[in-house]
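Peer 1: I have a structure I would like to understand better, so I am pasting it below and will then ask my questions one at a time.
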Amino acid sequence: MTENTPSTHTPEPRQVPDWIPAFPVLAPDSADLPPHHDHCLGCGPANPHGHQLRARRDAHGVHAHHRFDSRHVGAPAIAHGGAVATVLDELFGLLLYTVGEPAVTRHLAIDYLAPILLDTPYTLRAHIHARDGRKLHLQATIENDHAHVITTATALFLTVDVNHFLTHKHTPTHR
């Protein structure tokens, strides 16, 4: 075949991952939120390196309980800031079940107000602060067992069509 000869090859249809069709079908009265998929770094129950975060819907958004362990160490006895960011981004991702549309992280900002200690229980909370078309403005906190806020986060997520997850070519968006 030369460069000028049109291709007659029909590309094979892409396989749709199991989690994509199931994503927006969560029952509105369901309090327990399912993992995005079994191997998700943030919530996948089959990922031995992941956080296996479990979240529940509540009147304000979602909440979860989490303990960072030795896999997440940064400084001695303290969770790595990147591990904390992963969990917050995942909590926002689970909050999307309440929206019923897939979305992606556009911007994530975190204020670390105190160290997140390993092997210590924390409560995480996230809610939708505002929506402007495709833009979801989200907020979250991490509290210690005395209800003191240890970390705050804000994020901008953009809703996307499911094809976003099936397309391998992504081009940067304008800032």
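Peer 1: Which residue, of D69, D89, is touching an Asp or Glu at 6+ places or on another chain (Cβ under 9 Å) and not small (G, A, S)?
Peer 2: Values: D89 fails: touching an Asp or Glu at 6+ places or on another chain (Cβ under 9 Å).
Every option except D69 fails the conditions.
Peer 1: Residue by residue through the stretch 80-103, note down the ones that are farther than 13 Å from F68 by Cβ and touching a helix residue (DSSP H, G or I) at 6+ places or on another chain (Cβ under 7 Å).
Peer 2: Hits for the stretch 80-103 are G100, E101, P102, A103.
Peer 1: Right, next: Please work out which residue is farthest from the chain's Cα centre (by Cα), limiting yourself to the stretch 107-122 and to residues that are outside any loop (DSSP other than H, G, I, E, B) and surrounded by fewer than 15 Cβ atoms within 10 Å (Cβ to Cβ). Walk me through it before giving the result.
Peer 2: So in the stretch 107-122, the residues outside any loop (DSSP other than H, G, I, E, B) come out as 107-112, 117, 122.
After this cut, where a residue has to be surrounded by fewer than 15 Cβ atoms within 10 Å (Cβ to Cβ) as well, the list is 107, 109, 111.
On the way: H107: 12, A109: 14, D111: 18 Å.
Here the answer is D111.
Peer 1: Please specify each residue of the stretch 46-79 satisfying the condition of being surrounded by 16 or more Cβ atoms within 10 Å (Cβ to Cβ), touching a helix residue (DSSP H, G or I) at 6+ places or on another chain (Cβ under 8 Å) and assigned to a loop (DSSP other than H, G, I, E, B).
Peer 2: Passing the criteria: H51, L53, G61, F68, G74.
Peer 1: Follow-up question, since we're still on this one. Tell me, yes or no, whether the stretch 145-153 has at least one residue that is of a type in the set (A, V, I, L, M), closer than 21 Å to P76 by Cα and surrounded by 14 or more Cβ atoms within 10 Å (Cβ to Cβ).
Peer 2: Taking the stretch 145-153 first, the residues of a type in the set (A, V, I, L, M) are 147, 149-150, 153.
Within this subset, residues satisfying the condition of being closer than 21 Å to P76 by Cα are 150.
With surrounded by 14 or more Cβ atoms within 10 Å (Cβ to Cβ) added as a condition, the list becomes 150.
Yes: the stretch 145-153 contains one or more residues that are of a type in the set (A, V, I, L, M), closer than 21 Å to P76 by Cα and surrounded by 14 or more Cβ atoms within 10 Å (Cβ to Cβ).
Peer 1: Examine the stretch 84-94 for a residue that is modelled with pLDDT of 95 or more, part of a strand (DSSP E or B) and surrounded by 17 or more Cβ atoms within 10 Å (Cβ to Cβ), and state whether such a residue exists.
Peer 2: No.
Peer 1: Quickly run through the stretch 123-144 and pick out the residues that are farther than 13 Å from L95 by Cβ, open to solvent by 80 Å² or more (accessible area, probe 1.4 Å) and part of a strand (DSSP E or B). Quick ask: steps written out before the conclusion?
Peer 2: Our first condition is that a residue be farther than 13 Å from L95 by Cβ; within the stretch 123-144, this holds for 123, 130, 132-135, 142-144.
Narrowing the set further to residues that are open to solvent by 80 Å² or more (accessible area, probe 1.4 Å) leaves 132, 134-135.
Answer for the stretch 123-144, where residues must be farther than 13 Å from L95 by Cβ, open to solvent by 80 Å² or more (accessible area, probe 1.4 Å) and part of a strand (DSSP E or B): D132, K135.
Peer 1: Do any residues in the stretch 20-45 that are hydrophobic (A, V, I, L, M, F, W, C) and open to solvent by less than 80 Å² (accessible area, probe 1.4 Å) have Cβ atoms under 7 Å from those of residues that are modelled with pLDDT of 85 or more and assigned to a helix (DSSP H, G or I), where the two are at least six apart or on different chains, and which pairs are they?
Peer 2: Here the result reads L26/Y97; L33/L94; L33/Y97; C43/E90; C43/L94, each pair linking the stretch 20-45 to a residue that is modelled with pLDDT of 85 or more and assigned to a helix (DSSP H, G or I).
Peer 1: Of the residues D132, D119, D145, which single one is of a type in the set (D, E, K, R) and without any contact (Cβ under 8 Å) to a residue 12 or more places away in the chain?
Peer 2: Working: D119 fails: without any contact (Cβ under 8 Å) to a residue 12 or more places away in the chain; D145 fails: without any contact (Cβ under 8 Å) to a residue 12 or more places away in the chain.
The unique qualifying residue is D132.
The values are calculated or read from the model by the stated rules, or taken from the named source; none is laboratory data. Worth saying up front: this structure is predicted, and the values here are computed from it rather than measured. Note: ideal-geometry Cβ built from the backbone for every residue, glycine included; neighbour counts use all protein chains shown. Each accessible area value is taken on the protein alone, full model and side chains, heavy atoms only, with ligands, DNA and RNA left out. Shrake-Rupley method; radii C 1.70, N 1.55, O 1.52, S 1.80 Å.
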